[in-house]
1. From Leu152, Leu187, Leu136, Leu162, grab the single residue that is within 19 Å of Tyr275 (Cβ to Cβ), buried (at least 21 other Cβ atoms within 10 Å of the Cβ) and either of a type outside the set (Ser, Thr, Tyr) or more than 8 Å from the ligand (Cβ to nearest atom) (or both).
2. Cβ-Cβ below 6 Å, separation at least six or inter-chain, first residue in the stretch 295-315 and over 18 Å from Gly158 (Cβ atoms), second open to solvent by 10 Å² or more (accessible area, probe 1.4 Å) and in a helix (DSSP H, G or I): which pairs?
3. Of all residues in the stretch 190-203, which are in contact with a Ser or Thr (Cβ under 7 Å, 6 or more places away or on another chain) and crowded, with 23+ Cβ neighbours inside 10 Å?
4. Please enumerate the residues belonging to the stretch 219-240 that are away from the ligand (no atom under 16 Å from the Cβ) and among the acidic types (Asp, Glu).
5. Please specify each residue of the stretch 19-50 satisfying the condition of being within 21 Å of the chain's Cα centre (by Cα) and not in a strand (DSSP E or B).
6. Here is a list: Tyr53, Tyr59, Tyr96. Which entry is in a strand (DSSP E or B) and of a type in the set (Ser, Thr, Tyr)?
7. Among the residues of the stretch 190-201, which ones are within 14 Å of the ligand (Cβ to nearest atom) and of a type outside the set (D, E, K, R)?
Amino acid sequence: MASLPSTMKGVVINKTGGTEVLEYKKDLQVPKPKENQVLVRNSFVGINYIDTYFRTGLYPAPNFPYMLGRDAEGVVVSIPSGTNAHGLKEGDRVVYLSEGTYAEYTAAPAAKVVKIPEGIPEKVASAALLQGLTALTLIKETYNVQKGDWVLVHAAAGGVGLLLCQLLRAVGAKTIATASTEEKRKLAKENGAEVTIGYDEEEVKQTVKQYTNGEGVKAVFDGVGKATFDLDLDVLARKGTLASFGNASGAVPPLTIARLSAKNLKVARPTLFNYITTEEEFETYTKQLWDFILKGELNIKIHEVYPLTEVAKAHTDIEGRKTTGKLLLDPTK
Ligand code: NDP
């Protein structure tokens, strides 16, 4: 492997705030992988809504300067001796989950790095991993969706949303999908939603009633958070499950647990990382994800690949609800 540079391009924050706190640097130190990490030269870096929570301070950054980013794709360029490399070798083309990916190089935990299978383009694997694993674990673990179930998915044209619509169709469920514009609703329908609507509460309630014979949906998959939480409890069927997995509209206020007893509801607040903690869990779900893609059951929509220098625009676009599917960064530009 060619010798590595000592500095790299990357984006860090030194305080929380608007997109102005995103600092593009050309002279960050290339990280040195510690034990059980591998160094990856990134080709595509994922943007996730969670990056905006760390930038604004909704989720506290553990330290400053802090580098955002949760996933990326690239080539393994260095493996420290003694590392359990999980079968990886230098030169492997990989996707992975790690903190600190808004850069040309990342020291990633080897246990969360996976080789890209034959037949899946690098960009596609990059755009699929984090949101795909999230969607898969939501429909298998948070609520094990059954064939014929009616479910509600919010923000259905977003990164996680579009994958949920497709996976739910693949397992035989029927999805009522919300999205804010006609164009987004069309996209959700093309990707597997049975019925698409806006967020108007009365319209959502009426639609759920109509399609479920008044019973309500078995599950709601909600990454919108504050704005839709109460509506979700209203439209769930008896014994239904609310999977509240994000806060795009703001954090959900504290819940009075007694509210659940009227219909014996379950409310879950899942995080992907707690479903893929063990090697076996990570491997199982990653393999399932690749299988869905290779079988042609999962179309990975990429909104745009932004140059790293335009990271602020990418944040503005996702927060401004202007995007559909996955946003990527090119860390070399
Ligand atoms: P998306 O691409 O889905 O973008 C967020 C979408 O939320 C927007 O496109 C918009 O769609 C909708 N939205 C609704 N209200 C608002 C609002 N007030 N401001 C901005 N957007 C709003 O992002 P991701 O796919 O990255 O993430 C989706 C959700 O899933 C996020 O909440 C994220 O935190 C969560 N997530 C959680 C994970 C976990 O492990 N728990 C893992 C991955 C993601 P529209 O215009 O149609 O309303």
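1. Unique residue meeting the criteria: Leu136.
2. Pairs that qualify, where the first residue is over 18 Å from Gly158 (Cβ atoms) and the partner is open to solvent by 10 Å² or more (accessible area, probe 1.4 Å) and in a helix (DSSP H, G or I), are Glu297/Ala170; Ala312/Thr19.
3. If the condition is that a residue be in contact with a Ser or Thr (Cβ under 7 Å, 6 or more places away or on another chain) and crowded, with 23+ Cβ neighbours inside 10 Å, then Gly192, Ala193 are the ones that fit.
4. Asp234
5. Answer for the stretch 19-50, where residues must be within 21 Å of the chain's Cα centre (by Cα) and not in a strand (DSSP E or B): Thr19, Leu22, Asn48, Tyr49, Ile50.
6. Tyr96
7. Asn191, Ala193, Thr196, Ile197, Gly198, Tyr199
Residues are listed down the side, and each one gets a yes or a no for (1) surrounded by fewer than 19 Cβ atoms within 10 Å (Cβ to Cβ); (2) under 14 Å from Asn42 (Cβ atoms); (3) of a type in the set (S, T, N, Q); (4) in contact with a Phe, Trp or Tyr (Cβ under 7 Å, 6 or more places away or on another chain):
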residue: Gly74; (1), (2), (3), (4): no, yes, no, no
residue: Pro80; (1), (2), (3), (4): yes, no, no, no
residue: Thr83; (1), (2), (3), (4): yes, no, yes, no
residue: Gly91; (1), (2), (3), (4): yes, no, no, no
residue: Val113; (1), (2), (3), (4): no, yes, no, yes
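The values are calculated or read from the model by the stated rules, or taken from the named source; none is laboratory data. Keep in mind that what you see is a predicted model, and the values were worked out from it rather than measured. Neighbour counts run over all protein chains shown; Cβ positions are idealised from the backbone, glycine included. Side chains are part of the model used for accessible areas, which takes the heavy atoms of the whole protein and leaves out ligands, DNA and RNA. Shrake-Rupley method; radii C 1.70, N 1.55, O 1.52, S 1.80 Å.
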